[in-house]
Amino acid sequence: MSSAVNLGSRLAEIKGAEVIKSFCYTCPWQCPTEVFVRDDKIVYHKGNPESPNNIGSRCAKGMASWHVTRDPDRLKYPMLRTNAKGEPGQFKRVSWDEAFAFIAEKLKSIADEYGPEAVALTCHHDPNTQFYRHLLGELYGSPNLYAHTSGCEQDRRSACLTLFGHVFPMHDFANSKYVMLWGMNNLGANQGLWESRALIEAQKKGCKLVVVDPNFTETAQKADEWIPIQPGTDGALALAMCHSIISERLYDADFANSYCNGFDGFRAHLHDNGYTPEWAASICGIDADTIKRLAREFATTKPAMSAIFKGSGYYTNGADAGRACYALNAICGEVDKPGNLHLKDWAPLGLPVVIPDEAKRAPAKDALHAAMGYPLAPDLPNSKLPDAVIDGNPYPVKGLLVHATNPVMSDPNRDRVLEMFKHLDLAIACELYMSETALECDIVLPETSFYEQAEIRQGMWLGPEVVLCQPVVSPVGESKAPYEITKGIAEKMGWGEYFPYEKWEDWGEIMMENVPMSLDELKSKGFWAGEIRYNRVPDGLPTPSGKIELHSSSYEDAGFNGYPEYTERSVVPDEEFPLQLTHSKLSMHCNIVTQNNPYLMEVCGENWVEINSRDAALYGIVDDSMVILESPKDQIEIKAKVVEGLVPGCVSVRHGHGFGHWAMGSTAKGRGAHSNNLMDTHTNPITGANCYNECKVRIRAA
Ligand code: SF4
C-alpha cells in the first residue's frame, strides 16, 4: 500500500470523512480523484493514487476546485429575463416548472414556424450533454447539435480525423526519443498531468524535446531546443521538413508505400510547389540548415513524434499546418507505435438513453456546418452562427441552448456575438454562474457542478479508460444536473417516457453494460482501464482509404487541395498596426472557467500581454506598466510584461480574464483584460475554426 493511500485512510479516520471516488472536471483532463466528505462538505481531496491517468496527482486548479461547491456567486434558481434584449439583463426567480413550461412552449413555436433545425445546441464535450442531444436531436429533430471545438482545437481535430480517422490521439511521450511540439505548451497549460510527467521523464532518459513556437513558453523553457518561428508559419516549416526528409531518402519507404494514401503524389506535390528548406527559411525566420538538421534528426531518431494542439491552428492556414505537422509522423513510419502519436482505443461505453426509432424525428435540412459551406468542419463554425441568427444565412436559427460554454467571452468579435443574442427568440443558458452569455439569454438554468452530479466519461489516458464522477455533496440552491433538466423539458414536450430514470445509477448501469466492470465496482474504484494496444495502422484506419491520408479525397471533393499546402495567414502587421497578436494560457487558470476562484486569483489575479524587450524599447513600454493594446477594431488596457523569449514583432496575451468576467461573480469582476473584441471575424476556410491570432495591433503606454 502506498504512503498516499495510508495518508488518505488516516485522514478519513481522523476526520470521520467518507471517501468518494470521483474525478476533477475543472479542465477537460478529468483527473480521477478521491473526495473526502463530512457533513455534506468537502473537507479534503486528492488524486486517485491507483489511476494511471494522474497517478495520484492534481494540479493547483484541481486542488482549489472545491471552492465551486461553496461559492456564494453560484446561480441558485432558474431565472427568467424581464427586460428587452440588448439592455443589461434583468431577471426574476421562477420555479423549475415555470422554466420548463416556458422553454417547451418556445421550442414548440419555433419548430412550428421555422422547423426544428432553427434550434441549435452549443456545449462543452461532457457526456451528460448527451441528454440534451437525445432531446433536441432525436426527438425534436434538429441536426444542429454542436460543441465548442471551433474555439478550441478544431484545426488539430480536423487534421487528425483527416490523416488518421481519429478524433483525439494521446501522446506516448514516455517511450519517445524525439518529440517535436508545434505551438503546444502542455507544461504551461497545466493539463494532461500524466502526459506532462511522461515528457519530463522521457527527457531524463535522453529524449530530445524540440518546441516550435513564437513564444518561449513554459514547455519551450524545458526543451532541449526552442525554434522561435514566425507566427502562422508552422505549415511552411513542416512541409519543408517533409521535403527534406523525402529528398534525402530518410523516410520509411515500406511504411509510406504500404500505409500512406498518396505518398508518391505527396512527394511530387512538395517538389512541384518548391517547398524546400530554402523556400521556408524566409517565411518562418528559421535558416535552411536548421530546417534540414531538424528534418534529419526527426527522421533518424526513433521513436519520434510530431504533435500539435491549438497553437498551429488559430490562423486561416491552420488546418493544413496541422496536416503537414502530422504528415511528418506518417512519412517516417512513426504512427501508433510505442513513443508515437497514439491512436487510442475508446472504452465500450453505451449511450444512457435509447430513443425508439418510431419516436425519432429525422432532420429535414443539412446541419448548419454543411449548409454554411464547411462540410469538413468537425464542429460548428461558431463565427458563422451570427450570420444564421441575424441574417437567416444559410437558414434561420431562432433558438440556442448554451451549455457550459460562454461564447460572449470566448468567441472573437464580441460585438457580433452580442448582436446575435438580441435576435434569438429563445436563448437558454445552463450554467453555474450568471456568465456574460447567461446575461444575454432569455432564461438561465442553474446547473450542478461536477462535485454535485454524476458523469461517466471516456478517460484521457493511453489505453481505453472509463472515469466516474459521483455526486459528493448536495446541489447548490435548486441547481439540477443535465439529466434532470432534460427530463423536465421532455415531460413538458410530451416525451417524458423516454427519460424514465429516478437516479443516476439507472442510466449509469446502461452506459456500463459493455464495460468489463460493474457500476458498483466503478463506484468503489473510480475508473476502469483496459489494455494499451499499439500498431493499429496495418489493421486499417477509419479513413476513406483505410490508410493514413497524405492525400485526402474528402478535401478534393470539398474543393480544396488533397495535399496540405501553405498559404499566408490573412492578417499581416503593417505600418499602422505593426505587431501580430498571439495568445497563450495561464497555468493557474483553465480558459474562462476558474476566474471566480479566490485561491487561484490570489496566485494569478490578472492577465497580461507579453512583449519582446526590443519592441518594448521601440514603443516605450516598461515592464509591469499598464498599456493600451489597439487593433483596427477595438482597444484594451492591460498590464505589460517585457520578456526576452518572444519573437520580435509579436505580442502574446495570456488570456482568460477581463471585462467583468462572471458578470455577477465578485472575485473575477473587473480584473484583467479580455482580448476577444480586438479581433474581427476570421474563420478557417476548411475547418470553420475561430482564427484568434488573425489580428494586428499596436501598443502604447496607458
Ligand atoms: S489537470 Fe488539474 S484542473 Fe485538469 S482535471 Fe486534472 S487536477 Fe483538474
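Residues are listed down the side, and each one gets a yes or a no for (1) without any contact (Cβ under 8 Å) to a residue 40 or more places away in the chain; (2) small (Gly, Ala, Ser); (3) farther than 17 Å from Arg81 by Cβ:
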residue: Ser435; (1), (2), (3): no, yes, no
residue: Pro446; (1), (2), (3): no, no, no
residue: Met460; (1), (2), (3): no, no, yes
residue: Glu465; (1), (2), (3): no, no, yes
residue: Ile485; (1), (2), (3): no, no, yes
residue: Ala490; (1), (2), (3): no, yes, yes
residue: Met493; (1), (2), (3): no, no, yes
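Among the residues in the range 643-664, are any within 16 Å of the ligand (Cβ to nearest atom) and either assigned to a loop (DSSP other than H, G, I, E, B) or touching a residue at least 12 places away in the same chain (Cβ under 8 Å) (or both)? Steps first, answer last, please.
We begin by selecting, within the range 643-664, every residue within 16 Å of the ligand (Cβ to nearest atom); these are 656.
From what is left, the residues that are either assigned to a loop (DSSP other than H, G, I, E, B) or touching a residue at least 12 places away in the same chain (Cβ under 8 Å) (or both) are 656.
Among the residues of the range 643-664, at least one is within 16 Å of the ligand (Cβ to nearest atom) and either assigned to a loop (DSSP other than H, G, I, E, B) or touching a residue at least 12 places away in the same chain (Cβ under 8 Å) (or both), which makes the answer yes.
Within the range 58-79, is even one residue closer than 30 Å to Ala370 by Cα, surrounded by fewer than 21 Cβ atoms within 10 Å (Cβ to Cβ) and touching a Phe, Trp or Tyr at 6+ places or on another chain (Cβ under 9 Å)?
Here is the first cut: in the range 58-79, the ones closer than 30 Å to Ala370 by Cα are none.
No, the conditions are met nowhere in the range 58-79.
Please state which of the following conditions Ile331 fails to meet, knowing it meets all the rest: (1) at pLDDT 95 or above; (2) more than 27 Å from Gly459 (Cα to Cα); (3) out of contact with any strand residue (DSSP E or B) (no Cβ under 8 Å at 6 or more places or on another chain).
Failing condition for Ile331: (3).
Taking Leu418, is it out of contact with any strand residue (DSSP E or B) (no Cβ under 6 Å at 6 or more places or on another chain) and under 29 Å from Thr316 (Cβ atoms)? Break it down stepwise before answering.
Working: out of contact with any strand residue (DSSP E or B) (no Cβ under 6 Å at 6 or more places or on another chain): yes; under 29 Å from Thr316 (Cβ atoms): yes.
Yes.
Tell me, yes or no, whether the range 237-244 has at least one residue that is more than 16 Å from the ligand (Cβ to nearest atom) and either within 21 Å of the chain's Cα centre (by Cα) or of a type in the set (Ser, Thr, Tyr) (or both). Write out each step before concluding.
The first filter runs over the range 237-244 and keeps only residues more than 16 Å from the ligand (Cβ to nearest atom), leaving 237-244.
From what is left, the residues that are either within 21 Å of the chain's Cα centre (by Cα) or of a type in the set (Ser, Thr, Tyr) (or both) are 244.
Taking every residue of the range 237-244 in turn, at least one turns out to be more than 16 Å from the ligand (Cβ to nearest atom) and either within 21 Å of the chain's Cα centre (by Cα) or of a type in the set (Ser, Thr, Tyr) (or both).
Kindly indicate the residue of the range 389-407 that is surrounded by fewer than 22 Cβ atoms within 10 Å (Cβ to Cβ) and outside any loop (DSSP other than H, G, I, E, B) and also farthest from the chain's Cα centre (by Cα) among those meeting that condition. It would help to see each step written out before you state the result.
Of the range 389-407, the ones surrounded by fewer than 22 Cβ atoms within 10 Å (Cβ to Cβ) are 390-396.
Filter again for outside any loop (DSSP other than H, G, I, E, B), leaving 390-391.
Values: Ile390: 26, Asp391: 28 Å.
The selected residue is Asp391.
Regarding the range 256-264, can at least one residue be identified that is touching a residue at least 24 places away in the same chain (Cβ under 8 Å), in a loop (DSSP other than H, G, I, E, B), aromatic (Phe, Trp, Tyr) and buried (at least 16 other Cβ atoms within 10 Å of the Cβ)? Don't jump to the end; show me each part of the working.
Going through the range 256-264, the residues touching a residue at least 24 places away in the same chain (Cβ under 8 Å) turn out to be 256, 258-263.
The next check asks that each one be in a loop (DSSP other than H, G, I, E, B); those that pass are 262.
Checking the rest, the ones that are also aromatic (Phe, Trp, Tyr) come to none.
Within the range 256-264 (the criterion being touching a residue at least 24 places away in the same chain (Cβ under 8 Å), in a loop (DSSP other than H, G, I, E, B), aromatic (Phe, Trp, Tyr) and buried (at least 16 other Cβ atoms within 10 Å of the Cβ)), the answer is no, since none of the residues qualifies.
Can you tell me which of (1) away from the ligand (no atom under 16 Å from the Cβ); (2) within 23 Å of Cys332 (Cα to Cα); (3) buried (at least 24 other Cβ atoms within 10 Å of the Cβ) is the one Met184 doesn't meet?
It fails just one condition, (1).
So which strands (runs of 3 or more DSSP E) stay within the range 1-115 end to end and still have 2 or more residues that are modelled with pLDDT of 90 or more and within 15 Å of the ligand (Cβ to nearest atom)?
Numbers: elements: 18-23, 32-38, 41-47, 79-81, 91-93.
Strands (runs of 3 or more DSSP E) meeting the threshold: 18-23, 32-38, 41-47.
Output the residue which, of all residues in the range 595-607 that are crowded, with 22+ Cβ neighbours inside 10 Å and in contact with a Gly (Cβ under 8 Å, 6 or more places away or on another chain), is nearest to Ser631 (Cα to Cα). Can you show your working first?
Taking the range 595-607 and keeping what is crowded, with 22+ Cβ neighbours inside 10 Å, we get 595-597, 600, 607.
With in contact with a Gly (Cβ under 8 Å, 6 or more places away or on another chain) added as a condition, the list becomes 595-596, 607.
Working: Gln595: 25, Asn596: 28, Asn607: 18 Å.
Checking each candidate, the answer is Asn607.
Of the residues Glu521, Glu509, which single one is touching a helix residue (DSSP H, G or I) at 6+ places or on another chain (Cβ under 7 Å) and not assigned by TED's automatic domain parsing to the domain that holds Ala238? It would help to see each step written out before you state the result.
Details: Glu521 fails: touching a helix residue (DSSP H, G or I) at 6+ places or on another chain (Cβ under 7 Å).
Among Glu521, Glu509, only Glu509 is touching a helix residue (DSSP H, G or I) at 6+ places or on another chain (Cβ under 7 Å) and not assigned by TED's automatic domain parsing to the domain that holds Ala238.
Which pairs do you get when a residue that is over 14 Å from Tyr25 (Cβ atoms), found in the range 55-68, comes within reach of a residue that is within 6 Å of the ligand (Cβ to nearest atom), reach meaning Cβ atoms under 6 angstrom, with the pair 6+ apart or on two chains?
What qualifies is Ser57/Leu193.
Tally time: how many residues in the range 152-170 are of a type outside the set (D, E, K, R) and crowded, with 24+ Cβ neighbours inside 10 Å? Don't jump to the end; show me each part of the working.
Step one: list which residues in the range 152-170 are of a type outside the set (D, E, K, R), which gives 152, 154, 158-170.
Cutting the leftovers down to crowded, with 24+ Cβ neighbours inside 10 Å gives us 154, 158-159, 162-164.
The qualifying residues number 6.
Yes/no per residue for (1) hydroxyl-bearing (Ser, Thr, Tyr); (2) under 30 Å from Asp506 (Cβ atoms); (3) in contact with a Gly (Cβ under 8 Å, 6 or more places away or on another chain):
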| site | (1), (2), (3) |
| --- | --- |
| Glu297 | no, no, no |
| Asp320 | no, no, yes |
| Leu328 | no, no, no |
| Asn340 | no, no, no |
| Leu351 | no, yes, no |
| Ala362 | no, yes, yes |
| Lys365 | no, no, yes |
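Residues checked against (1) farther than 22 Å from Gly540 by Cβ; (2) assigned by TED's automatic domain parsing to the domain that holds Ile686; (3) surrounded by fewer than 23 Cβ atoms within 10 Å (Cβ to Cβ):
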{"position": "Cys284", "(1), (2), (3)": "yes, no, no"}
{"position": "Thr290", "(1), (2), (3)": "yes, no, yes"}
{"position": "Arg293", "(1), (2), (3)": "yes, no, yes"}
{"position": "Phe298", "(1), (2), (3)": "yes, no, no"}
{"position": "Phe309", "(1), (2), (3)": "yes, no, yes"}
{"position": "Gly318", "(1), (2), (3)": "yes, no, no"}
{"position": "Tyr326", "(1), (2), (3)": "no, no, no"}
{"position": "Glu334", "(1), (2), (3)": "no, no, no"}
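Filter the range 108-142 down to residues that are under 29 Å from the mean Cα position of the chain (by Cα) and within 16 Å of Lys492 (Cα to Cα), then give me how many there are. Give the steps one after another, and end with the answer.
So in the range 108-142, the residues under 29 Å from the mean Cα position of the chain (by Cα) come out as 116-142.
Now restrict to residues that are within 16 Å of Lys492 (Cα to Cα): 131-132, 134-136, 139-140.
Counting residues in the range 108-142 that are under 29 Å from the mean Cα position of the chain (by Cα) and within 16 Å of Lys492 (Cα to Cα) gives 7.
In this structure, does Glu502 turn out to be in a loop (DSSP other than H, G, I, E, B), modelled with pLDDT under 95, more than 26 Å from the chain's Cα centre (by Cα) and farther than 20 Å from Pro32 by Cβ? If you could, list the steps in order and put the result at the bottom.
On the way: in a loop (DSSP other than H, G, I, E, B): yes; modelled with pLDDT under 95: yes; more than 26 Å from the chain's Cα centre (by Cα): yes; farther than 20 Å from Pro32 by Cβ: yes.
Yes, satisfied.
Thr667: in contact with a helix residue (DSSP H, G or I) (Cβ under 7 Å, 6 or more places away or on another chain), under 24 Å from Thr149 (Cα atoms) and either basic (Lys, Arg) or touching a residue at least 40 places away in the same chain (Cβ under 8 Å) (or both), yes or no? Walk me through it before giving the result.
Values: in contact with a helix residue (DSSP H, G or I) (Cβ under 7 Å, 6 or more places away or on another chain): yes; under 24 Å from Thr149 (Cα atoms): no; either basic (Lys, Arg) or touching a residue at least 40 places away in the same chain (Cβ under 8 Å) (or both): yes.
Considered against the rule, which asks whether it is in contact with a helix residue (DSSP H, G or I) (Cβ under 7 Å, 6 or more places away or on another chain), under 24 Å from Thr149 (Cα atoms) and either basic (Lys, Arg) or touching a residue at least 40 places away in the same chain (Cβ under 8 Å) (or both), Thr667 comes out as no.
Looking at (1) buried (at least 24 other Cβ atoms within 10 Å of the Cβ); (2) part of a helix (DSSP H, G or I), can you tell me which one Gly313 breaks?
(2)
How many residues, within the range 211-224, are surrounded by fewer than 20 Cβ atoms within 10 Å (Cβ to Cβ) and either in contact (Cβ under 8 Å) with a residue 24 or more places away in the chain or within 16 Å of the ligand (Cβ to nearest atom) (or both)?
In the first step, residues of the range 211-224 are kept if they are surrounded by fewer than 20 Cβ atoms within 10 Å (Cβ to Cβ); the result is 218, 221-222, 224.
Still in the running and either in contact (Cβ under 8 Å) with a residue 24 or more places away in the chain or within 16 Å of the ligand (Cβ to nearest atom) (or both): 218, 221-222.
Looking only at that region, the number is 3.
Taking the residues in the range 187-207 that are away from the ligand (no atom under 14 Å from the Cβ) and without any contact (Cβ under 8 Å) to a residue 12 or more places away in the chain as candidates, determine which candidate is surrounded by the fewest Cβ atoms within 10 Å (Cβ to Cβ).
Taking the candidates together, the pick is Lys204.
Among the residues of the range 594-613, what is the count of those that are in a helix (DSSP H, G or I) and among the charged types (D, E, K, R)? Steps first, answer last, please.
Of the residues in the range 594-613, the ones in a helix (DSSP H, G or I) are 598-603, 613.
Then keep just the ones that are among the charged types (D, E, K, R); that gives 602.
Residues that pass the stated criteria total 1.
Inspect the range 266-274 for any residue being under 30 Å from Glu644 (Cβ atoms), surrounded by fewer than 22 Cβ atoms within 10 Å (Cβ to Cβ) and of a type in the set (A, V, I, L, M, F, W, C) and give the result as yes or no. Even if it seems obvious, please write down each step before you answer.
First pass over the range 266-274, keeping only residues under 30 Å from Glu644 (Cβ atoms): none.
No, the range 266-274 contains no residue that is under 30 Å from Glu644 (Cβ atoms), surrounded by fewer than 22 Cβ atoms within 10 Å (Cβ to Cβ) and of a type in the set (A, V, I, L, M, F, W, C).
The values are calculated or read from the model by the stated rules, or taken from the named source; none is laboratory data. These numbers were taken from a predicted model, which means no experiment stands behind them. Every residue, glycine as well, gets a Cβ built from its backbone with ideal geometry; the counts of neighbours run over all protein chains shown.
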